[in-house]
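Peer 1: Below is the structure I would like to discuss, written out as structure tokens.
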Amino acid sequence: ILNVEQSPQSLHVQEGDSTNFTCSFPSSNFYALHWYRWETAKSPEALFVMTLNGDEKKKGRISATLNTKEGYSYLYIKGSQPEDSATYLCALGKGGGNKLVFGAGTILRVKS
Amino acid sequence: SAVISQKPSRDICQRGTSLTIQCQVDSQVTMMFWYRQQPGQSLTLIATANQGSEATYESGFVIDKFPISRPNLTFSTLTVSNMSPEDSSIYLCSVLDGAKNIQYFGAGTRLSVL
């Protein structure tokens, strides 16, 4: 069984705080690591797809890093805003990368 | 990115009945996927649906319980058969953009079984 673990389970921060989450996964047979943001009643939104060890990607105030050798990825949000409140999911690509195995997610709540 | 319409957005069903969920994409795609998220659990892949072939089911999921149709490159349905309260979940479809290696998701169907 392929386990993808995310921590923390939930996080409550104040507006303006910076925060980060962790995604851990088995380092063998790595193909790709995906990050999604999922707001209630909306479609999960793809944030990043990362494939190379040491990869760093950035989208506005959100960035992510990848370490495939030790099996983890970090997602950072700089200067959190209330609109960042969502569940952040990471997923490991398997079966040639097309099938996604998701972690349980980190629920972020940003208070104004 | 692909735009995916999923219907219904939510439903409340009685035990023993069946519900068919529709997924419509605004462009032709080869690979479509169906996922389920039970309360407090991770999003889990049910099956992969490719046009022109039988759906491929993941371990723990069977065709009799979750029959899937894929009549063309823009449409798929998932039926949840003979429902029980354990089938109460969010069901999502997704499509693969092979060039970007990204899956785009519908907004989901929130199913409650009484």
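Peer 1: Please count how many residues of the range A:35-51 are basic (Lys, Arg) and outside any loop (DSSP other than H, G, I, E, B).
Peer 2: Counting residues in the range A:35-51 that are basic (Lys, Arg) and outside any loop (DSSP other than H, G, I, E, B) gives 1.
Peer 1: Further, regarding this structure: Only residues that are of a type in the set (Gly, Ala, Ser), under 20 Å from residue A:3 (Cβ atoms), more than 11 Å from the chain's Cα centre (by Cα) and surrounded by fewer than 19 Cβ atoms within 10 Å (Cβ to Cβ): list them for the range A:16-51, please.
Peer 2: A:27, A:28
Peer 1: Say we look at the range B:1-44 and pick out the residues that are in a loop (DSSP other than H, G, I, E, B), under 13 Å from the mean Cα position of the chain (by Cα) and at the interface with chain A (Cβ under 10 Å from one of its Cβ atoms); which of these is nearest to residue B:73 (Cα to Cα)?
Peer 2: Residue satisfying both the conditions and the ranking: B:9.
Peer 1: Pick from the range B:71-82 the residues that are surrounded by fewer than 22 Cβ atoms within 10 Å (Cβ to Cβ) and either of a type in the set (Phe, Trp, Tyr) or touching a strand residue (DSSP E or B) at 6+ places or on another chain (Cβ under 6 Å) (or both): which of them is farthest from residue B:38 (Cα to Cα)?
Peer 2: B:74
Peer 1: Could I ask something else about it? Go through the range A:52-91 and give me each residue that's assigned to a loop (DSSP other than H, G, I, E, B), surrounded by 15 or more Cβ atoms within 10 Å (Cβ to Cβ) and within 14 Å of chain B (Cβ to nearest Cβ).
Peer 2: A:55
Peer 1: Here's something else I'd like to know. Would you check if there is a residue in the range A:86-102 being farther than 30 Å from residue B:3 by Cβ and modelled with pLDDT of 95 or more?
Peer 2: no
Peer 1: For residues in the range B:88-99 being over 13 Å from the mean Cα position of the chain (by Cα) and of a type outside the set (S, T, N, Q), which is surrounded by the fewest Cβ atoms within 10 Å (Cβ to Cβ)?
Peer 2: B:99
Peer 1: Within the range A:61-79, how many residues turn out to be closer than 17 Å to residue A:105 by Cβ and of a type in the set (S, T, N, Q)?
Peer 2: Going through the range A:61-79 one residue at a time, the tally reaches 1.
Peer 1: Looking at B:44, B:56, which one is of a type in the set (Val, Ile, Thr), surrounded by 11 or more Cβ atoms within 10 Å (Cβ to Cβ) and over 12 Å from residue B:91 (Cα atoms)?
Peer 2: Among B:44, B:56, only B:56 is of a type in the set (Val, Ile, Thr), surrounded by 11 or more Cβ atoms within 10 Å (Cβ to Cβ) and over 12 Å from residue B:91 (Cα atoms).
Peer 1: To continue, here is another question. Is it true that residue B:19 is in contact (Cβ under 8 Å) with a residue 40 or more places away in the chain, open to solvent by 40 Å² or more (accessible area, probe 1.4 Å) and touching a Cys at 6+ places or on another chain (Cβ under 8 Å)?
Peer 2: Taking the combined requirement at face value, the residue does not satisfy it.
Peer 1: Moving to a separate point now. Say we look at the range A:92-112 and pick out the residues that are out of contact with any His (no Cβ under 6 Å at 6 or more places or on another chain) and more than 14 Å from chain B (Cβ to nearest Cβ); which of these is surrounded by the fewest Cβ atoms within 10 Å (Cβ to Cβ)? Spell out the reasoning first.
Peer 2: To start, the set of residues in the range A:92-112 that are out of contact with any His (no Cβ under 6 Å at 6 or more places or on another chain) comprises A:92-108, A:110-112.
Pick out the ones that are also more than 14 Å from chain B (Cβ to nearest Cβ) and you get A:108, A:110-112.
Details: A:108: 21, A:110: 20, A:111: 11, A:112: 9.
Result: A:112.
Peer 1: If I ask for residues that are aliphatic (A, V, I, L, M) and closer than 15 Å to residue A:44 by Cβ, which ones from the range B:33-53 would you list?
Peer 2: B:43, B:45 - these are the residues of the range B:33-53 that are aliphatic (A, V, I, L, M) and closer than 15 Å to residue A:44 by Cβ.
Peer 1: Here's something else I'd like to know. Which one of the conditions (1) more than 10 Å from chain A (Cβ to nearest Cβ); (2) more than 23 Å from residue B:54 (Cβ to Cβ); (3) out of contact with any Leu (no Cβ under 7 Å at 6 or more places or on another chain) does residue B:88 fail to meet, given that it meets all the rest?
Peer 2: The number of the failed condition is (3).
The values are calculated or read from the model by the stated rules, or taken from the named source; none is laboratory data. Owing to the predicted nature of the structure, the values given are computational and were not obtained by experimental measurement. So basically every Cβ, Gly included, is an ideal-geometry build from the backbone, and we count neighbours across all protein chains shown. Just the protein is used for accessible areas: all its heavy atoms, side chains included, with ligands, DNA and RNA removed. Shrake-Rupley method; radii C 1.70, N 1.55, O 1.52, S 1.80 Å.
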